[in-house]
Amino acid sequence: MTRRFPAMLIRETEGGPRAGLTELSLADLPDHEVLVEISHSSLNYKDGLAITGKARIARRLPMVAGIDLAGVVVSSRAPQWQPGDQVIVNGWGLSETEWGAYSRFQRLKPEFLTRLPAGFSAAEAMAIGTAGYTAALCVLALEDHGTLAGPGPFLVTGAAGGVGTIAIALLAARGLEVTASTGRVSEEGFLRGLGATAVTDRASLAAPGKPLQAELWAGGIDAVGSHTLANALAQTRYGGAIAACGLAGGADLPGTVMPHILRSVALLGVDSVMCPQARRARAWALLERDLDRAKLAGLTHRAKLADLPQLAEQIVAGQIRGRTVIEIG
Ligand code: NDP
């Protein structure tokens, strides 16, 4: 009998691409070298866009959604992976060009796999997921630029979301001052609990601002884009830097060159999807060293595959706090 298992599949329909729970068998999966049994995945903003169809993330259909997975190798034609190896995958085009994580089993290219970091369980690695590992990449970008040498303050935008919450925890772990910019000021207690030393309403950054403003920040991590990023750059001190990874508020960048050419402010772009393995290893080592496990547990919710359609609507509406682990199977 052919074993069937649940998966979240995006299909072409008469009304356009639609995501829904279905059942697959191993014969349906792509013919890549490594078969992984997936125990946990997670919910990211991009997963929300893919499932709701609010942006065309899947570039071929049908497509199994889900950009993050943790699981165990079942079989492998690649010498570097053996049955029983515990692995994670973040990005690499999953849910875009490669079948992704919201499935009990998946076949993957061997170069996509990373060994599960020894300091984390599969569930913890997915509580971190792409959002948390991207927060770590942003911290690394600031560190490599020399921006973390002083006490701050550092601005974190989209503070109550996935990238934002873990960015706050990582910066606070270094004893740095962190200002959390959020649309949910009711979450002030939660954000201070993660280590934010101040909380501001995101409305102050969302409107068009002057090209150069009072120098407030040594640096920052931006998950929002648009006017928020332009204002963050205009408020950064001489020689500082903003690591930009997101577009939750818009993909435009309505600013000027003035902060860059008059204050030597740097805009550090951060991509997680095609990030080389060596840099991923640095990001996960930073997370293993600096991320407080109790804070991680406090910002994480757990859900099931069947919850994804509703969760996807909520994350694109900016209503998900912290991170969501998806328990598969
Ligand atoms: P979340 O939805 O968890 O967090 C985004 C946060 O941004 C929200 O919680 C909210 O925070 C804020 N926000 C939402 N909508 C708006 C808006 N219209 N205007 C201003 N702020 C808004 O998403 P993730 O943490 O998973 O991802 C954050 C961003 O980073 C996304 O754009 C995502 O695509 C991007 N990203 C990029 C990666 C890369 O490789 N470059 C990797 C991972 C994520 P609050 O309520 O506190 O205001």
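The values are calculated or read from the model by the stated rules, or taken from the named source; none is laboratory data. Fair warning: this is a prediction, and the values are worked out from it, not measured in the lab. A quick note on method: Cβ atoms are made from the backbone with ideal geometry, for glycine too, and the neighbour counts reach across all protein chains shown.
Taking the stretch 206-222, which residues are among the aliphatic types (A, V, I, L, M), over 22 Å from the mean Cα position of the chain (by Cα) and surrounded by 14 or more Cβ atoms within 10 Å (Cβ to Cβ)? Write out each step before concluding.
Going through the stretch 206-222, the residues among the aliphatic types (A, V, I, L, M) turn out to be 206-207, 212, 214, 216, 218, 221.
Cutting the leftovers down to over 22 Å from the mean Cα position of the chain (by Cα) gives us 207, 212, 214, 216, 218.
Once the filter is applied, which keeps residues that are among the aliphatic types (A, V, I, L, M), over 22 Å from the mean Cα position of the chain (by Cα) and surrounded by 14 or more Cβ atoms within 10 Å (Cβ to Cβ), the stretch 206-222 yields 212, 216, 218.
Conditions (1) loosely packed, with under 14 Cβ neighbours inside 10 Å; (2) part of a loop (DSSP other than H, G, I, E, B), marked per residue:
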position	(1), (2)
271	yes, yes
284	no, no
294	yes, no
306	yes, no
311	no, no
324	no, no
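Got a number for residues in the stretch 272-286 being within 23 Å of residue 160 (Cβ to Cβ) and either more than 17 Å from the chain's Cα centre (by Cα) or within 14 Å of the ligand (Cβ to nearest atom) (or both)? Walk me through it before giving the result.
Initial filter on the stretch 272-286 (within 23 Å of residue 160 (Cβ to Cβ)): 272, 283, 286.
Then drop every residue that is not either more than 17 Å from the chain's Cα centre (by Cα) or within 14 Å of the ligand (Cβ to nearest atom) (or both), which leaves 272, 283.
So the count comes out to 2.
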Regarding residue 299, is this residue within 22 Å of residue 158 (Cβ to Cβ), of a type in the set (A, V, I, L, M, F, W, C) and within 15 Å of the ligand (Cβ to nearest atom)? yes
Complete set of residues in the stretch 78-96 that are over 18 Å from the mean Cα position of the chain (by Cα) and surrounded by fewer than 20 Cβ atoms within 10 Å (Cβ to Cβ): 78, 79, 80, 82, 83, 84, 85, 86
Just one of (1) among the polar types (S, T, N, Q); (2) touching a helix residue (DSSP H, G or I) at 6+ places or on another chain (Cβ under 8 Å); (3) in a loop (DSSP other than H, G, I, E, B) trips up residue 39, so point out which. (3)
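Could you tell me whether the stretch 219-229 includes any residue that is part of a helix (DSSP H, G or I), among the hydroxyl-bearing types (Ser, Thr, Tyr) and at pLDDT 95 or above? First the steps, then the outcome.
Step one: list which residues in the stretch 219-229 are part of a helix (DSSP H, G or I), which gives 226-229.
From what is left, the residues that are among the hydroxyl-bearing types (Ser, Thr, Tyr) are 226, 228.
From what's left, at pLDDT 95 or above: 226, 228.
Yes.
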If a residue must be near the ligand (Cβ under 9 Å from one of its atoms), closer than 15 Å to residue 164 by Cα and within 16 Å of the chain's Cα centre (by Cα), how many such residues does the stretch 223-271 contain? 10
Check whether at least one residue in the stretch 91-103 is within 29 Å of residue 182 (Cβ to Cβ), part of a loop (DSSP other than H, G, I, E, B) and in contact with a Cys (Cβ under 8 Å, 6 or more places away or on another chain), and report yes or no. yes
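Would it be correct to say that residue 50 is surrounded by 13 or more Cβ atoms within 10 Å (Cβ to Cβ), in contact (Cβ under 8 Å) with a residue 12 or more places away in the chain, part of a loop (DSSP other than H, G, I, E, B) and under 25 Å from the mean Cα position of the chain (by Cα)?
Details: surrounded by 13 or more Cβ atoms within 10 Å (Cβ to Cβ): yes; in contact (Cβ under 8 Å) with a residue 12 or more places away in the chain: yes; part of a loop (DSSP other than H, G, I, E, B): no; under 25 Å from the mean Cα position of the chain (by Cα): yes.
Criteria not met by residue 50.
Starting from residues that are assigned to a helix (DSSP H, G or I) and surrounded by fewer than 24 Cβ atoms within 10 Å (Cβ to Cβ), keep the ones in the stretch 142-171 and report whichever is farthest from the ligand (Cβ to nearest atom). Steps first, answer last, please.
Filtering the stretch 142-171 for residues assigned to a helix (DSSP H, G or I) gives 142-145, 147-149, 162-171.
Adding the requirement that they be surrounded by fewer than 24 Cβ atoms within 10 Å (Cβ to Cβ) leaves 143-145, 148-149.
Working: 143: 17, 144: 16, 145: 17, 148: 20, 149: 25 Å.
Only one residue tops the list, namely 149.
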Is the stretch 156-170 home to any residue that is farther than 27 Å from residue 70 by Cβ, out of contact with any helix residue (DSSP H, G or I) (no Cβ under 7 Å at 6 or more places or on another chain) and not β-branched (Val, Ile, Thr)? no
Filter the stretch 173-195 down to the residues that are within 11 Å of the ligand (Cβ to nearest atom) and touching a residue at least 12 places away in the same chain (Cβ under 8 Å) and list them by number. 180, 181, 182, 183, 184, 185, 187, 190, 191
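Go through the stretch 183-195 and report how many residues are within 13 Å of residue 158 (Cβ to Cβ) and either crowded, with 21+ Cβ neighbours inside 10 Å or in contact with a strand residue (DSSP E or B) (Cβ under 7 Å, 6 or more places away or on another chain) (or both). Give the steps one after another, and end with the answer.
Going through the stretch 183-195, the residues within 13 Å of residue 158 (Cβ to Cβ) turn out to be 183-184, 187, 191.
Filter once more, keeping what is either crowded, with 21+ Cβ neighbours inside 10 Å or in contact with a strand residue (DSSP E or B) (Cβ under 7 Å, 6 or more places away or on another chain) (or both): 191.
So the count comes out to 1.
Would you confirm whether any residue within the stretch 79-87 is of a type in the set (Val, Ile, Thr), farther than 22 Å from residue 281 by Cα and without any contact (Cβ under 8 Å) to a residue 60 or more places away in the chain? Write out each step before concluding.
So the first thing to find is which residues in the stretch 79-87 are of a type in the set (Val, Ile, Thr), and the list is 87.
Cutting the leftovers down to farther than 22 Å from residue 281 by Cα gives us none.
No, because not a single residue in the stretch 79-87 is of a type in the set (Val, Ile, Thr), farther than 22 Å from residue 281 by Cα and without any contact (Cβ under 8 Å) to a residue 60 or more places away in the chain.
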